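The values are calculated or read from the model by the stated rules, or taken from the named source; none is laboratory data. Fair warning: this is a prediction, and the values are worked out from it, not measured in the lab. All Cβ positions, glycine included, derive from the backbone under ideal geometry; neighbour counts span all protein chains shown.
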Amino acid sequence: MAMSRDGIFEKVQEVLVDALGLDDDEVTLEATLMGDLGAESIDFLDIVFRLEKAFDIKVPREELFPAESVLNNPEFVSGGKLTAKGLAEIKDKMPHTNLSEFENDPDVNKIADLFTVDAIVNFVETKVNG
């Protein structure tokens, strides 16, 4: 049986509350993992592990958080911004993420803002109901 988006959000919220020691009301769909919720790179492994357990799915880390492979490729980054090729790569690897604002100014320092609770819910939704 397919899970509702609300049901998925509640579980994702629980995972993030537990992983990051937050209150429920801090974990909104719009919240960014790093900026708003204070997650650090090290937390991502824990979050991925908890998501796998909560939803009984496999989550290859690069699939949910693919930025590292993109940022470390000189073809994809130039002058602190993603190149057209880099942007195409992020779009390809993060179909669960809304990139419309980021495309206007693909500053590598703003990549962390792409990791929102909403993006995780979208990602899990495709895994669970896909």
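Quick notes on this one:
- Residue under evaluation Ile57, criteria (1) closer than 30 Å to Lys11 by Cα; (2) free of Cβ contacts under 8 Å to residues at least 60 places away in the same chain; (3) surrounded by fewer than 19 Cβ atoms within 10 Å (Cβ to Cβ); (4) of a type in the set (Val, Ile, Thr), criterion not met: (2)
- Test: residue in the stretch 66-83 that is surrounded by fewer than 17 Cβ atoms within 10 Å (Cβ to Cβ) and touching a Pro at 6+ places or on another chain (Cβ under 8 Å): yes
- Entirely in the stretch 1-65, the helices (runs of 4 or more DSSP H) that have 2 or more residues that are in contact with a helix residue (DSSP H, G or I) (Cβ under 8 Å, 6 or more places away or on another chain) and over 14 Å from Phe115 (Cβ atoms): 5-20, 41-55
- Only listed residue being within 19 Å of Val12 (Cα to Cα), of a type in the set (Ser, Thr, Tyr) and either modelled with pLDDT of 95 or more or touching a strand residue (DSSP E or B) at 6+ places or on another chain (Cβ under 6 Å) (or both), chosen from Thr116, Thr126, Thr83: Thr116
- The criterion of at least 2 residues that are under 14 Å from the mean Cα position of the chain (by Cα), under 14 Å from Pro66 (Cα atoms) and not assigned by TED's automatic domain parsing to the domain that holds Ser4 is met by the following helices (runs of 4 or more DSSP H) wholly inside the stretch 83-130: 84-93.
- Residue match in the stretch 52-71 (condition: modelled with pLDDT under 95 and touching a Gly at 6+ places or on another chain (Cβ under 7 Å)): yes
- Leading residue by the ranking (surrounded by the fewest Cβ atoms within 10 Å (Cβ to Cβ)) among those in the stretch 84-130 that are among the acidic types (Asp, Glu) and in contact with a helix residue (DSSP H, G or I) (Cβ under 9 Å, 6 or more places away or on another chain): Glu101
- Selection status of Val48, touching a residue at least 60 places away in the same chain (Cβ under 8 Å) and of a type outside the set (Gly, Ala, Ser): no
- Restricting the stretch 25-36 to residues that are in contact (Cβ under 8 Å) with a residue 24 or more places away in the chain and either touching a strand residue (DSSP E or B) at 6+ places or on another chain (Cβ under 6 Å) or of a type outside the set (Val, Ile, Thr) (or both), the residue that is farthest from Glu125 (Cα to Cα): Gly35
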